[in-house]
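*Asks:* The structure follows.
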Amino acid sequence: MRLACYLRTGILLAGMVFASSVLLAQKPDAAAESDAKEAQSSALGMPPRTAATEYLTHTQVGQYLLGAEFMGHSVPTPQSTYSSEDFVIVEVGFFGQPGARLRIAANDFSLRINGKKSPLASQPYELAFHSLKDPEWEPPALEKSKTSLNTGGGGSQNDQPPPPPKMPLELRRAMEQRVQKAALPEGDRALPQAGFLFFEYRGKTQGIKSLELIYEGAAGKVTLALQP
């Protein structure tokens, strides 16, 4: 009886040791996965500048520093500079003491143009996709169709200009992904963090005389006078 009891106890102990070893072996993988997710998350947004003073406009809000700079209709990602006729872009950066964190949201910002009573609300970056253009992409040259020649002197349906060529899908997808990555990261974030804000505005930037970026969020409330 004692022998059987000893055998059962040994089997139970062996099982516990095996289970513990399995859990220990799994922990590094789980930790690595968590670290990878955090690293991927922290890679969002624009690379923060050295300090808030590196932006054309900067101020203190609560215990944090906020820098901002107006980009007009340009979207200058680290890889390439794009443009949007329907949106203007403001780059912002949050800075704090070592170890500081802040809950960031794009809709904490609005933009007042030329002193208008109602400021423009920050829009999701996805809305700018349809108007994004790459100035460096040149559409292929269009060849005149032989059938477009009309020797009879009258009009013809073939005289209609062909539709403009579209950017290849893989190039458009890469452009959108770069703009998405450059947008201001949201959520509870370790500082510094920086990125783009998008405001719907189809007017020419030459007609902008005054700009005010309004922030009201977790850090406090402040208005920055931007340089057009």
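Values in this text are rule-based calculations from the coordinates and carry no lab data. Just so it is clear, the structure is predicted and the values come from calculations on it, not from any experiment. FYI the Cβ positions are ideal-geometry reconstructions off the backbone, even for glycines, and counts take in every protein chain you see.
*Asks:* Mind ranking 213-221, 90-98 by how tightly packed they are, going by the mean number of other C-beta atoms within 10 angstrom, highest first? If you can, show how the numbers build up before the last one.
*Replies:* On the way: 213-221: 17.1, 90-98: 20.1.
Ranked from most to least packed, the peptides come out as 90-98, 213-221.
*Asks:* Summing +1 for each Lys or Arg and -1 for each Asp or Glu, what net charge is found among the other residues whose Cβ lies under 13 Å from the Cβ of GLY93?
*Replies:* Details: positive: ARG49, ARG189; negative: GLU54, GLU69, GLU91.
Result for the local shell: -1.
*Asks:* Would you mind counting up the charge near GLN227? Only other residues with Cβ under 12 Å from its Cβ, with Lys and Arg at +1 and Asp and Glu at -1. Could the numbers behind the result be given before it?
*Replies:* On the way: positive: LYS209; negative: GLU69, GLU212.
Here the count lands on -1.
*Asks:* Could you give the radius of gyration (one decimal) and Dmax (whole number) of the Cα atoms in the range 42-139, in Å?
*Replies:* Rg, Dmax (Cα atoms, Å): 15.0, 49.
*Asks:* Once the other residues with Cβ under 13 Å from the Cβ of ASN107 are scored (Lys, Arg +1; Asp, Glu -1), what is the net sum? Numbers along the way, then the final one.
*Replies:* On the way: positive: ARG103; negative: ASP108, GLU186, GLU216.
Charge balance near ASN107 sits at -2.
*Asks:* Sorted by average packing, counted as other Cβ atoms within 10 angstrom per residue and highest first, what order do 116-123, 163-170 take?
*Replies:* In descending order of packing, they fall as 116-123, 163-170.
*Asks:* Can you compute 3J(HN,Hα) from phi for each residue in the range 173-186, using the Karplus curve 6.51 cos²θ - 1.76 cosθ + 1.60 with θ = phi - 60°, rounded to whole Hz and x for Gly and Pro?
*Replies:* So the J values, rounded to whole Hz, are 5, 5, 5, 5, 5, 5, 5, 4, 5, 7, 5, 4, x, 10.
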